[in-house]
Amino acid sequence: MDSAKIMQHLRRRIINQDEALIQLEEALLIAEAGLNDPRKPLAVLLFVGPTGVGKTETVRALTEAIHGQPDLYCRIDMSGLSESHYAASLAGSPPGYVGSQEDETLFNKARIEGEPGKPGILLLDEIEKAHPSVHQSLLQIFDNAHLRLANGKTEISFTNTLIVMTSNVGSEELRNLAENRRLGFRPSTAADVDPHHERQRVVDRALARQFKPEFLNRIDAVVVFNWLGHDDLRRILHGLVGELNERLIARHGLTLELAPEAADYLISRGFDPKYGARPLKRALRRELYQPLARVLLAQRWPEGEKLVAEKTGEGMFFRLAAPPPALVVSASSRNGARSGAHATPSRRRSVASSETLRSDE
């Protein structure tokens, strides 16, 4: 595991979460150097922050950097474990119940144990929505890095695993804090409070209300994610269009470029501080993907070309990008070059402007 390359990949993918990535880098460096306790998981991290700010996307980018594909991790939606009896689903059916002799568990053994030099990744999504008895069942994994299934035959090792939990606990308090700072309000007790420590205190208080101390005491690091701003969405939009271009090249042999007014329009339609980047994705699907799909299916476009999306009063308009201007040398210039081979070459060139192909022609 090369933590430097992993972090380089993460910093390209994750927008405006520098403090969170620094904390993640510290955990990766300890794991890469082999300084962590060999009887415990490589790291137990809790990602805290509002919805749509990149917590799950960070796990996907981390998986892609380690394993080459963003989906090669084990994800468990903890909102589906809201009842106490669901704690048994982690280790399988107890003796005497149907399926007790089978390897039935929510954990994917191969993706959790990983490979030598490539740690497995376990994502426990929305951990606060699980029942407290489920939290209690996780303690033995955090402590001993092993889980023996109820059938008594299969054991899952977490010693080569990065365990990441996500939570929205404290999001409303963080939003109020960010809004107050934006308006210029500061705590009355201290004028120079470090914003990072201030956010951390808000999160710590919210976590103490939600989880028991013995659960919080097993977490190696609480990573706080920031709210996304208007400027952050422009960078996210650039990345989403890049992903769209990968699909366009594979399927149609085309690429897409957004005109400035089209990008501004999509950002205005997709900006909602409360929900992060998710409204932007919905705006892209509604305002860009749907009209683009109609255009692609209505006519054939030459492969290798670039489409430009422009915002008009009637919606999105797509055209072929104008080719670069062609350089044309006149016949007299060529004859002059032949007759005066030893003369000083002329600095003047005639440039013929090319016409722009439009999709409605």
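Any read-out appearing in this document is the output of simple, stated calculations on the displayed coordinates, not a laboratory observation. The structure displayed is predicted, hence computed values, not measured ones. Cβ sites come from the backbone with ideal geometry, for glycine too, and all protein chains shown count toward neighbours.
Cβ-to-Cβ counts within 10 Å put HIS131, HIS230 in ascending order as HIS230, HIS131, the fewest first. Sorted fewest first by neighbouring Cβ atoms within 10 angstrom, TYR265, TYR289, TYR86 come out as TYR289, TYR86, TYR265. Whole-Hz Karplus values for the range 21-31 come out as 5, 5, 5, 5, 4, 4, 5, 5, 5, 4, 5 Hz, taken residue by residue from phi with 6.51 cos²θ - 1.76 cosθ + 1.60 and θ = phi - 60°; glycine and proline positions read x.
Positive contributions from Lys and Arg (+1) and negative ones from Asp and Glu (-1), summed over other residues with Cβ under 12 Å from the Cβ of GLU26, come out at -4. Between the amide H of VAL224 and those of VAL48, distances stay under 5 Å, these residues lying 5 or more places away or on another chain, with hydrogens modeled in the peptide plane. Checking the Cα-Cα distances for LYS118/LYS281; LYS55/LYS129; LYS109/LYS212; LYS281/LYS311 against a 20 Å cut-off, the pairs over it are LYS118/LYS281; LYS109/LYS212.
For LEU42, LEU292, what's the fewest-to-most ordering of other Cβ within 10 Å of each Cβ?
The most exposed by this proxy come first: LEU292, LEU42.
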